[in-house]
Amino acid sequence: MNRLKAEQALKQFLLEDIGDRDVSSVLFDRTDTGEAIVRMKESGVVAGLECYKWGYRLLDESVQVELLKQDGERVEAGEAIVKITGPVAALLAGERVLLNLVQRMSAVATLTADCVAALGSGHTRIVDTRKTTPGLRMFEKYAVRAGGGFNHRIGLYDAVMLKDNHIAAAGSITEAVKKVRGSLGHMTMIEVEVETEQQLKEAIDARPDTIMFDNQTPETIKRWVQLVPETIRTEASGGIDLNQLANYRDTGVDVISIGALTHSVSNLDISMNLSISPKEVLA
């Protein structure tokens, strides 16, 4: 994950919550210090723990963050994942934002890891989609990688995907591929979505980098994969979830994209508990 981009985003997240100041912090003196333990309340694969270091550095450089687990590690309920020490006001100011983010990222990583295990393939990759939470794409796509998956295109700018509406506007798959190939550099990948065998044959002749089989059964995918030259990657997408993945294990498809990795997860339950250091008593 790009630290500069992450810190820029974290700054905006913290400003949204804190505003001009945390009015509850009037309870504490600047000298009040404490220790906070971030702990899993349910088991799962953790992701985004580095955000604790970056986030608290933005709030107060004196805060010390110790990561007790590593991203991508499966952690049981009750286990501690991060220890934070420093000024109490700073610890509490960052608590909610960082919990929200790590809970979300860990949920994405957990579902991704479960999907990879359910598929159980040494060939086919599990990848995400652009169905991410606005403002959180970088974090959620990183979480997919932490869970053992891979990223599809990051946005509209780094690869071409010709879907039904693009093809309709261009007039055909052949014409759509021809137009984008003539307008873009050789480093830009081109993917074509197909829904019928006739479209598949046209797409093969157009020679894109990837052909995506949209909403097809495992049986159809297995048959279509045999028609595609090895120089063209294959992708299956549409309505595939955790419970169905085992059915796609032996299809031979290169990639399975799953929107649910980022659009349908429920945050993992993670908490932060604070203990305040006793003040020194002067003689």
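The values are calculated or read from the model by the stated rules, or taken from the named source; none is laboratory data. Worth saying up front: this structure is predicted, and the values here are computed from it rather than measured. All Cβ positions, even for glycine, are placed from backbone atoms using ideal geometry, and neighbour counts span all protein chains on display.
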**Asked** Which residue, of V253, V265, is closer than 26 Å to V180 by Cα and either in a loop (DSSP other than H, G, I, E, B) or among the polar types (S, T, N, Q) (or both)?
**Response** V253
**Request:** Kindly check whether there is at least one residue in segment 35-56 that is over 26 Å from the mean Cα position of the chain (by Cα), buried (at least 19 other Cβ atoms within 10 Å of the Cβ), within 25 Å of S275 (Cα to Cα) and not basic (K, R).
**Result:** yes
**Request:** Would you mention how many residues in segment 1-28 are among the small types (G, A, S) and over 18 Å from the mean Cα position of the chain (by Cα)?
**Result:** 3
**Message:** Please verify whether Q199 is assigned by TED's automatic domain parsing to the domain that holds Y157, part of a loop (DSSP other than H, G, I, E, B) and buried (at least 17 other Cβ atoms within 10 Å of the Cβ), treating the condition exactly as stated.
**Reply:** no
**Item:** Contacts under 6 angstrom Cβ, first residue in segment 133-157 being outside the structural domain of A109 (by TED's automatic domain parsing) and modelled with pLDDT of 95 or more, partner among the hydrophobic types (A, V, I, L, M, F, W, C) and assigned to a loop (DSSP other than H, G, I, E, B), 6 or more apart
**Value:** Y142/M1; A143/A47; A146/A47; R153/A159
**Asked** Considering S183, S172, which residue is without any contact (Cβ under 8 Å) to a residue 12 or more places away in the chain, over 19 Å from T234 (Cα atoms) and assigned by TED's automatic domain parsing to the domain that holds D254?
**Response** S183
**Request:** Being closer than 14 Å to S257 by Cβ and either of a type in the set (V, I, T) or part of a loop (DSSP other than H, G, I, E, B) (or both) is the filter here, so list the residues in segment 134-162 that pass it.
**Result:** V144, G149, N151, H152, R153, I154, A159
**Failed item, numbered, when I270 is tested on (1) crowded, with 21+ Cβ neighbours inside 10 Å; (2) more than 30 Å from T31 (Cβ to Cβ); (3) aliphatic (A, V, I, L, M)** = (2)
**Message:** I'd like to check something: does segment 65-88 contain any residue that is part of a helix (DSSP H, G or I) and not assigned by TED's automatic domain parsing to the domain that holds I126?
**Reply:** yes
**Item:** The listed residue being crowded, with 22+ Cβ neighbours inside 10 Å, more than 25 Å from L245 (Cβ to Cβ) and out of contact with any Ser or Thr (no Cβ under 9 Å at 6 or more places or on another chain), out of G94, G155, G135, G171
**Value:** G94
